[in-house]
Amino acid sequence: GFQAVLSLGVVARTVEFIRRVVVEMLGAMVSDESQLSSFASSPPGSMYDLTQLLSEASWVCFGNATVCLPDPKSLPLTDTGFQQVSSQQNETRLAEFALRVVEHFGGQVVDPSGLLELCRNVTSLVDLVSGLESRPAWAAWEDAAACIAKDEADSSSVALTLEYACLYMNAFSCANIPDQCTSSLMDSMDYALSVYTLEHGGEVLPNCYFQGTLIFARPRVVQLVGPTCVVSKDPLTTPLTDEGYQAVITQQDTEQTASFIHRVVDERLNATIVDASELAMFAASPPSSMYDLLLLLEGASWVCSGNRSACWADPSTVSLTEAGFQRILAQNFSVPMATFVARVVEHYGGRVVSQGGLDGFAASVKSFEDIITEMEEQP
């Protein structure tokens, strides 16, 4: 049985198998989920070695049940996690676990007595999920918040989400997730979920529950600063991959396409655009793939790839990223920086109302993130 699970090469499945061994064979409990996940990512080669290592593991508790109580606020959102907290026969602790399930589905409890009543009548995570599908009145429900991935998500949910999204792609193969998004399981999941949404006309993953585990339907919320592994229509944050490129050009918005191309020139080619009008004409009729885009840019007369100090950056067209900011900063003039800052403000829906205030800020700003922070602090 252990070898069959190992052959799948899926950490989430290995985690669940090992948890069963701890509970059913050893009569113990897992006291540290992060240690279990770490152990499952590099498991021993045999069942004998597994039981030997588990019997000595500091994160497996063999003591009195009262000192082995897992924390309902950190247990994985799986049926095993539900059973672990349910077995404590403490409705307050079960309600703490159930509250996390409610929040996972985009709900916020407004009447705790309703949640407690539900907890008294469920015996599994399936029952709990079924009880929430009708969106009971004791909670407020927000569609936009449903099943959004969070940084603190347990690895079982993340791994199973990635597996589900990859299984139901129309065309994209998860083997092509870019290298910069494979070092972290969360980043890989973000990329897969966002590509799934693009492939399915904007629809998010149809399930938030799969194989006894709560999974995510939406990637983590994109931050304002810097690129992410979430493929989106925002040219400033979407990955510089063919999937990111397709998400931008399908909008048929020349300005958005130009912003993406500017990032490609800055970050992929380490070059500079020297003619904004040429960029605008090129962006109005862009090539159909990222591969073709790179080929054409490498030979474009309006892309300067020589000595960067000789490539003057136009503040009205340079990409609205840290790389673009540094281009303008290197020119050491406040007027171009003011133009750049004004573009950032406008991109995020703002409007400059004081030229003097803008000029003063432009003369002292040190990073692109400083501009974002300044905007967030304004009323």
Candidates SER42, SER58, SER46, SER34, filtered to the one that is within 32 Å of the chain's Cα centre (by Cα), exposed (fewer than 13 other Cβ atoms within 10 Å of the Cβ) and modelled with pLDDT of 90 or more
SER42
Please specify each residue of the stretch 209-267 satisfying the condition of being at positive phi and either touching a residue at least 40 places away in the same chain (Cβ under 8 Å) or open to solvent by less than 10 Å² (accessible area, probe 1.4 Å) (or both).
GLN211, GLY212, GLY226
If you take the residues in the stretch 133-148 that are surrounded by fewer than 20 Cβ atoms within 10 Å (Cβ to Cβ) and in a strand (DSSP E or B), which one is farthest from the chain's Cα centre (by Cα)?
ALA140
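Quick grid of which residues meet (1) of a type outside the set (Lys, Arg); (2) open to solvent by 40 Å² or more (accessible area, probe 1.4 Å):
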position	(1), (2)
GLY131	yes, no
LYS150	no, yes
ASP154	yes, no
GLN180	yes, yes
Which residues, counting only those in the stretch 344-373, are of a type outside the set (Val, Ile, Thr), more than 25 Å from the chain's Cα centre (by Cα) and surrounded by fewer than 16 Cβ atoms within 10 Å (Cβ to Cβ)?
GLU346, GLY350, ARG351, SER354, GLN355, GLY356, GLY357, ASP359, GLY360, ALA363, SER364, LYS366
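The values are calculated or read from the model by the stated rules, or taken from the named source; none is laboratory data. Owing to the predicted nature of the structure, the values given are computational and were not obtained by experimental measurement. Glycine also receives a Cβ, built like all others from the backbone with ideal geometry; neighbour counts cover every protein chain displayed. Note: areas computed on protein heavy atoms with side chains; ligands, DNA, RNA excluded. Shrake-Rupley method; radii C 1.70, N 1.55, O 1.52, S 1.80 Å.
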